[in-house]
Every structure is written in C-alpha cells, then in structure tokens.
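A.B. asks: Encoded as structure tokens, here's the structure I'll be asking about.
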Amino acid sequence: MFLIMSGAVELANTATVLTGKKSDAVTLMLHEYFASAPNPYAASLHIMRNCEESHQSKPTSLSFAVMEEFARWISNKQTELSHLLTADIKLEAFNVATLQRNHSLSKIMYNVYQLASDRELFIPSIEEMVSRKQYKEACQSAALLELHPHFAVEDFVIPLVFQDKLTVAEEFLAGSPEHQRHLVMFLDSLLGKRNIRSEADSIIRRLDIPDVKKDKLYHKPLSKLVARLTKTYNLPPENCPNLNQKRNEGALQFLMHKRYVENTLGPESWREMVREAVGNSKDLQMELVTSVNSYGDPYEALYWAKVYGIPKERRPYNVRMLQDEDPDISQQQGAAAVVPGGAQPEQETWDDDCTQIVYHTLPLPYDNIVLIDSERKFERFLDFLKDVSMVGIDSEWKPYFGTKRNELALIQIASKEKVHILDVCSLGSRCPHLWHELGQLLFSNENIVKLGFGLLTDMSMMQRALPHLGASSLSGAGYIDLVVLWRKLTLDYPFVFPYTDDDGASGESLTRLVQLCLGRPLDKSDQFSNWERRPLRESQKMYAALDAYCLLEVYEVLSQCAQEQTIPFYEICNEVMSDVKSPRKTAKHSKKPAKREPSIAEVAPSPHIEPVPASQFRAVCDNMVQGLGKMLRKCGIDTVIINNEENHDVCVRIANQQRRMVITRGTIYNRMFLFAQLYHHLPPGHCYPVLSDAVEEQLEEVLKYFNVIVTREDVFSRCQVCNGGEFVVVPQELMRRLADSSQRMAQVYRAEDDLRWDETEGFSSESDACSEEGTAPPCVLRYRNLEGGVIVEHCQTRKGVTILVDSVPLGVLNQVQQFNVCENCGKCYWDGSHFERLVGGRLHNVVS
C-alpha cells in the first residue's frame, strides 16, 4: 500500500507539473487510490502532506486538486465510511487545514472531515493559537467551526482591529450579531475617552497585542470605523452613544455657522434641525443656549432655555436679565423669529450700501406645484408624463447627524408647465405597481431626457428606497448630469457664462451654476429641513420645486450660449450621456469566436501619400491601446495617451484641437456619437483602428498606414513619462552636485517636518495629511545661479521642475559621463545597452 501511495503522489506531481492542471488520468488514479485505501480519510491527508508546497495550495496546485477530488469521491460515501472518521483523524485534518494559506481549501477540508460536528474538540487548539498570537488562524477556525459562544471579541477580534486586519475578522463577525454589537460598543467606548491613544495603549499592554498599527488609533479613523460597522451590521444608534454625541456636537456647531455666520439657514429650518441635533442630551441643550447667546442672540437663547427647562441659575447672565425685564419676552421673540414666508423684522444698519440679496425664484405660479400623496394623484401624474420630453429631477431627505441612515422623503420631477413632488413618506411602498410603472415610463425611457445635478446620488437614493422602480440605469442614454456638462464646457472649450460670480465663489454647486446662468443665486435657507414632517411648509414646497425646475432653465441657457459661441453643445451632451457602465465581463471559459471590428475595408485611405518623419507625426491613443502609445513614444513620436478614467471620445476633442491622429481598437471606432460614428467626427483617414493583438504588430500597422519613417535618431528622442521633447544635457560632475543638493534639501524638509508636526496631533491632525502646512512652500526661481541649463541650488530644471536625480543608481552616477534630463518632468536618462537591444529587437522592422 505504501508503494501505491508513493506512486500516486509521484505520478500526480509529475502530471501536474507537465500539464499545469488536473488530467483525467490523475483524477482516475486518485479515485482508484481512495477506493483501495484502508482509510481514505487518512490516505488523502497523507498525500496532501507529501505534495510539494502543500501549504501554498493555489487553486491549480496538486494539494488543492487532491482535496477537491476526495470531496467528490466521498460525497456519496460519508454515511458508509463514517466509522473511519475518528477524533484523531479530525484533529490531524484540523492541523493540516490550519496551515493552509488558501482559505477556500481550508473550507473544503472542514466540510469533508465534518469538523463542525465535533467543534468542541478543537477549542483547546484555538485557545493555543490565541496564546501564540496567531489571531488570524484562530479567528478563521472559530468562524468555520461556529464557535462564537466560546470566544469573546478580546480574544482575537480586537487584536485584529488593532493590527488593521479587520477584514480577517469579518467572516467571524458575520455569524454573530452579539459580537458585532460588542465590538462596536468597545470601539465606541474608546471614542468617549479624553485620550484615546493612552487608553488604547493600556489595552494593548493588557492583551499583549504585537504589531499594532497605532496610526489608526485616533478619533477620526476610529469614528469612521464605528460608523461603517454600525451601517454594515445595521445596528441601532444606541450601541454607539459616544459617536452620536460627537457627531451631534459637530452638527450643532455646523448649524450655528449656517445660521449666524453664513446666514443661509431659515428660522423654521434652524429650529427643526437644532431639535434633531440636540435631542435629549442635557449637555448639548446647555451648549445650545450658551453658544446662541455668544453669537449675540440672547432672545433665541432664552427661547431654548425655556424649551428645555434649563434652570434660571444656569442660564447666561444677560439671558437671565432679559427674562427679569419681561417674563413673556421669549414667547414674543419666538413668534417674531419664525414668520411664515421668511419675513424678518427690520434691523438698523450702519452700512448705507448694504443691499439685500435677491434670489432666483420659481417662474411658475404656486398652484403649478402638485404634491403627489395618493394613488389617484400618482396615476394622473403618470398620464401627464406620457407627453413630456425633458424633465428636471431632484430629491430631498432629512439630514441625520448620527449613525442613522438617511431616508428618501421627496422626489421632485419638473417639466416646463408643472413641478410634481412625489411624497415618498406618504406613498411609501403601498403602490408598488405605480412605482414600477414610473420606472418604465421615465427612468428606463431613453426618449425622455432627465436633467440632474449630481444625479448619481439622487438615483442611488431612489433605488435603495424604492426597489420597485426596477433596475433603471443611473446614467447613460437619457441622463444628463449638469455637473459633468458644466465641467466639459468650461474645461474643454472657451465657454463664457452670461453672468459672473458677484462674490467670486468657486466650486461646483447648483446655486453657483444658477448664478452664472440666470444672474441670481438660489435661496438655500430651507435646504437643511425636516423633510419628513407633515404637512410640508409652503417655503419647503417652493424650495423643492425650484431645485428641480431651475435645471431646465440652466440647460436652456447653456444651450443658447453654446450655440452663440459656436460650441457643439448637443455633441457634448451626447458625450455626457454616453458615459455608461462597462458591460459585464464574459465568462472565463466562454468560447466566443474572435471578432475584429471594424474591417480594413471600413477605414479611409491614409492622409499621407508622402513619407512623414517621426518627429513631425502627432498621435493620440485611447485607453484601448496604451501599450502602443508607449511604443510610439519610444520611436520619437509625439503621442498623447488617454487615461483609463477618461472617456474614449476625449480623443476626438484632443485630435481636433491639436491636429493629431486618433488611434483606437475594437468597436470604439464604430461607436455612435450624435447620430454619427466616431471616425465621422474627424477628417477622413485621421482615425485608425489597429487589428492586431501584439504591440509590435500594432506599431507596424500604424507606421505603415500613416507612412511614418522612424530613424535611429528618433528612438528615445521623447520622454517616456511625460511625452516631452526638450532635454538638457548634464555632465557627470554637475549631476553629482545636483545629487548633493537634493540630499541637502531633503534634510532641510525633514527637519521642518519634525518641527511642523506635533506628536499630539495624532493621525495627521485629523486632516488626512493634506493641509498646506505640511507641504513645502512654492519655490520662486532665481536664474542668477542657472548653470548648464539647471538650477543647482534647488535641484530643478529651468522650468522649475524637480530633477529626479535620486532615481539614478549610485553606480550609474559614478560611471556614466553624460545624462539627459527632461525639462518638463525631471526624468533622468543615460546611454546604455537598452538602445541597441530595442533597435535590434522590438523595433527591428520599423527603424530605417
């Protein structure tokens, strides 16, 4: 039997090495061996132990194949052979499975050897793993054996969190809501400590946890982690009171700023949201009264003091004096502060030039705002949609400052004549057939153009709250996100708005876009409102309706301005709508016939009859042929390479603006853009689709089609990183001085950083290490020390770009006599054997 087993292992190893995968012969041999073995359970373990690299166990490895085949063989024999599955064999199987790095193989072994049926047998082994600090192995084993009641979060879950390995513990946590709650409560308790780092250090010492990632044990990353876990496991907010307290404190300060500094929060919305932020917290109630008074509004402070019953002796002095003067003053001020329609009492001002901001208003009568809160109104709205060709879409939800998830409250759909507000809170899911019909009639209908501002957020919220809408697309044909349209117009074209920013504001906000297009900003005082409270205020309805209707107005202005400025507006809109999701990947083993589109017959003749030197040819490669683009650069051809994040039709814009030839591959050539295929937006012959898969063959295709001549002088004449064509020649001695200068500057910056960042600031002072304070100041170039085309004292080119001298190996720096430095990016090049290898190898057929 030993000879048979040894032969099986040897033959299986040989077959796997030769074929790289299981063969029918190996499978048959293994099945025969399992059937002839006195104890197949023990025999399969023996084979696994003798497999080469048995602990690596990739899916293509022999050990994985052995266990897979044994699982198939034993599947219908487990009852018959159950007496052979002894406790000793199970323990051995447990030990072998624990050593596996492939978790999928461990799962197979746990199932085949039925380890969960004797789970208590392995508790001592897992406890031993914990004592040896093998937290990952202990956690995975406890999860597979479902031993949650026997282990606490401190055993291995908390150590894994402190080691920044939470993903390892997620399988264990998924099977135990109790451990989910305990972990969140533990982490939340850390947030309640005055010094989180000190408290964490004491826990680390008590549990003796090695390899801790202390850079994550601060307020900001911990808060994000608690919030994520609470959301992932759908835990009630009561499990994280400290996180909610911290967030509500921040929310209160945010509301204060909006109300008293920016003056962009209406009185009704202010009081609604303050109640939400303060809640039942006595500390926040007192902070509210104190803060409001500090902003110079003692009347409002007195109002809240009475609302929350704060004792007179705890109120600020001037608030107490107000009440002593007139006991009813808080009620009077409360009535005056909240005036329907937003009217405010007149106030004295020393500034005669101070003018009140005039906001953009809804051009429709109030009666044209239709609230849909019943099935009958919903049905009439669906009938109305059948004659609509374009709508503006927006949505509203009540903001929550703690860990509670936002819930959709309203959907606004605006047409030229009316604005319909769908009351999601009232309708809910009690009319699924109508929501489904809305999804088919509007959201899945490409014939109705849907305008939005930040559409992805609104549509994602709708799909989550209203699953009956169906799997409607979030973008693509029929959807125009004005944020994307705004960017394309201003970044890709010399677009001029009819109005300017009065306050010089920057950033992408709807109110700013309305200001630029319509001359007046939006009044956002009702933005932060309790959108779930019914009935809605009139100001809320007006705000919600205008947020959707203004999208139609902005679109019309953008269209008119673009036409006046001879900018292809509808072509740009088509680009925005073509930004669809990538198609599903084909199955790995799918055997679809290879297809090449388009064929050579569809390509126009080359625009170059006479040969073109490589230095005079300019190209733009889309993200389907990035490798080809790099080879073109090596040939000295000026080549722009599109990033993966950019749309393919960016090539058309670059080609037309910079007079380049577009090079693409596959069906992109035939893609439709505004009723025309891609290549029709370029002069004939200015777009070429390569057909070959190999980069070298693609290169030959392109050079042959465009009749481009490449010489030895062209090779490596452009920077491979930035496509620049300007180099400065730096001799060895000057290069050494640049290296010394670079090291001195690095030492100076390190010293400045040591002074700049205080250890008590923690994890980048909760700013993600992106503050201006943590970066070097901009360098002002002084050309008095310009030597050899470089600025030695700053280690820069004359264009102010840092020379990457540190990337040059010391051996090369001491041997090479001359370097070429790209003036645009600072990349350093030098002569070596790579040139001859390239010219005599990959470029052998293209270099003249």
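The values are calculated or read from the model by the stated rules, or taken from the named source; none is laboratory data. All values derive from a computational prediction rather than experimental measurement. FYI the Cβ positions are ideal-geometry reconstructions off the backbone, even for glycines, and counts take in every protein chain you see. Accessible surface is based on the protein model in full, side chains and every heavy atom, while ligands, DNA and RNA are left aside. Shrake-Rupley method; radii C 1.70, N 1.55, O 1.52, S 1.80 Å.
A.B. asks: Return yes or no: is R405 surrounded by fewer than 20 Cβ atoms within 10 Å (Cβ to Cβ) and either within 20 Å of L551 (Cα to Cα) or over 29 Å from the mean Cα position of the chain (by Cα) (or both)? Let's see the steps before the verdict.
C.D. replies: Working: surrounded by fewer than 20 Cβ atoms within 10 Å (Cβ to Cβ): yes; either within 20 Å of L551 (Cα to Cα) or over 29 Å from the mean Cα position of the chain (by Cα) (or both): no.
No: the conditions fail for R405.
A.B. asks: What residue, of I654, I641, I609, is modelled with pLDDT of 85 or more and touching a Cys at 6+ places or on another chain (Cβ under 7 Å)? Break it down into steps so the answer makes sense when it comes.
C.D. replies: Working: I654 fails: touching a Cys at 6+ places or on another chain (Cβ under 7 Å); I609 fails: touching a Cys at 6+ places or on another chain (Cβ under 7 Å).
Just one listed residue meets the conditions, I641.
A.B. asks: Let me ask another. Over 23 Å from Y218 (Cβ atoms), of a type in the set (A, V, I, L, M), out of contact with any Gly (no Cβ under 6 Å at 6 or more places or on another chain) and not in a helix (DSSP H, G or I), is that true of A138?
C.D. replies: Criteria not met by A138.
A.B. asks: Further, regarding this structure: Please enumerate the residues belonging to region 408-437 that are of a type outside the set (K, R) and over 15 Å from A548 (Cβ atoms).
C.D. replies: Hits for region 408-437 are C425, S426, L427, G428, S429, C431, P432, H433, L434, W435, H436, E437.
A.B. asks: Hey, among the residues in region 795-834 that are aromatic (F, W, Y) and open to solvent by 30 Å² or more (accessible area, probe 1.4 Å), which one's modelled with the highest pLDDT? Don't jump to the end; show me each part of the working.
C.D. replies: So the first thing to find is which residues in region 795-834 are aromatic (F, W, Y), and the list is 819, 829-830.
So of that shortlist, the ones also open to solvent by 30 Å² or more (accessible area, probe 1.4 Å) come out as 829-830.
Numbers: Y829: 91, W830: 88.
Out of the qualifying residues, it is Y829.
A.B. asks: Conditions: (1) in a helix (DSSP H, G or I); (2) open to solvent by 20 Å² or more (accessible area, probe 1.4 Å); (3) under 25 Å from L191 (Cβ atoms); (4) of a type outside the set (F, W, Y). E313 meets all but one. Number of the miss?
C.D. replies: So the condition that E313 fails would be (3).
A.B. asks: Something else about it: How many residues are at pLDDT below 90, open to solvent by 50 Å² or more (accessible area, probe 1.4 Å) and either farther than 30 Å from G476 by Cα or over 39 Å from the mean Cα position of the chain (by Cα) (or both) when one looks only at region 672-711?
C.D. replies: Qualifying residue count for the region: 3.
A.B. asks: Could I ask something else about it? Which pairs do you get when a residue that is open to solvent by 40 Å² or more (accessible area, probe 1.4 Å), found in region 132-159, comes within reach of a residue that is assigned to a helix (DSSP H, G or I) and among the hydrophobic types (A, V, I, L, M, F, W, C), reach meaning Cβ atoms under 6 angstrom, with the pair 6+ apart or on two chains?
C.D. replies: K136/V168; E137/M129; H150/I123; D155/V130
A.B. asks: Note down all Cβ pairs under 6 Å where the first residue falls in region 81-109 and is modelled with pLDDT of 90 or more, the second is of a type in the set (F, W, Y), and they're at least six residues apart or on different chains.
C.D. replies: Matching pairs, first to second residue: L84/Y41; L85/Y41; I89/Y41; K90/Y113; A93/Y113; F94/F122.
A.B. asks: While we're looking at this one, here's another question. Please give the number of the condition L30 fails out of (1) open to solvent by less than 30 Å² (accessible area, probe 1.4 Å); (2) out of contact with any Asp or Glu (no Cβ under 6 Å at 6 or more places or on another chain).
C.D. replies: Among (1) open to solvent by less than 30 Å² (accessible area, probe 1.4 Å); (2) out of contact with any Asp or Glu (no Cβ under 6 Å at 6 or more places or on another chain), the lone unmet condition for L30 is (2).
A.B. asks: So, one more: Is there a residue being under 30 Å from I196 (Cβ atoms) and either modelled with pLDDT under 80 or more than 34 Å from the chain's Cα centre (by Cα) (or both) anywhere in region 774-788?
C.D. replies: So in region 774-788, the residues under 30 Å from I196 (Cβ atoms) come out as 774-775.
Remaining after also requiring either modelled with pLDDT under 80 or more than 34 Å from the chain's Cα centre (by Cα) (or both): 774-775.
Yes, region 774-788 contains at least one residue that is under 30 Å from I196 (Cβ atoms) and either modelled with pLDDT under 80 or more than 34 Å from the chain's Cα centre (by Cα) (or both).
A.B. asks: List the pairs whose first member sits in region 459-483 and is modelled with pLDDT of 85 or more, whose second member is buried (at least 19 other Cβ atoms within 10 Å of the Cβ) and among the basic types (K, R), and whose Cβ atoms are under 6 Å apart, counting only residues at least 6 apart or on separate chains?
C.D. replies: G478/K450; Y479/K450
A.B. asks: Report, ordered by the first and then the second residue, all pairs with beta carbons closer than 9 Å, sequence separation of six or more or different chains, a first member in region 698-722 that is in a loop (DSSP other than H, G, I, E, B), and a second member that is open to solvent by 50 Å² or more (accessible area, probe 1.4 Å) and of a type in the set (V, I, T).
C.D. replies: Here the result reads N707/I609, each pair linking region 698-722 to a residue that is open to solvent by 50 Å² or more (accessible area, probe 1.4 Å) and of a type in the set (V, I, T).
A.B. asks: Those residues that are in a helix (DSSP H, G or I) and either open to solvent by 30 Å² or more (accessible area, probe 1.4 Å) or of a type in the set (D, E, K, R) (or both), I need them from region 506-554; list them, please. Spell out how you get there, then give the answer.
C.D. replies: At the first step, the residues of region 506-554 found to be in a helix (DSSP H, G or I) are 510-518, 538-554.
Once the filter is applied, which keeps residues that are in a helix (DSSP H, G or I) and either open to solvent by 30 Å² or more (accessible area, probe 1.4 Å) or of a type in the set (D, E, K, R) (or both), region 506-554 yields T511, R512, L518, E538, S539, K541, M542, D547, E553.
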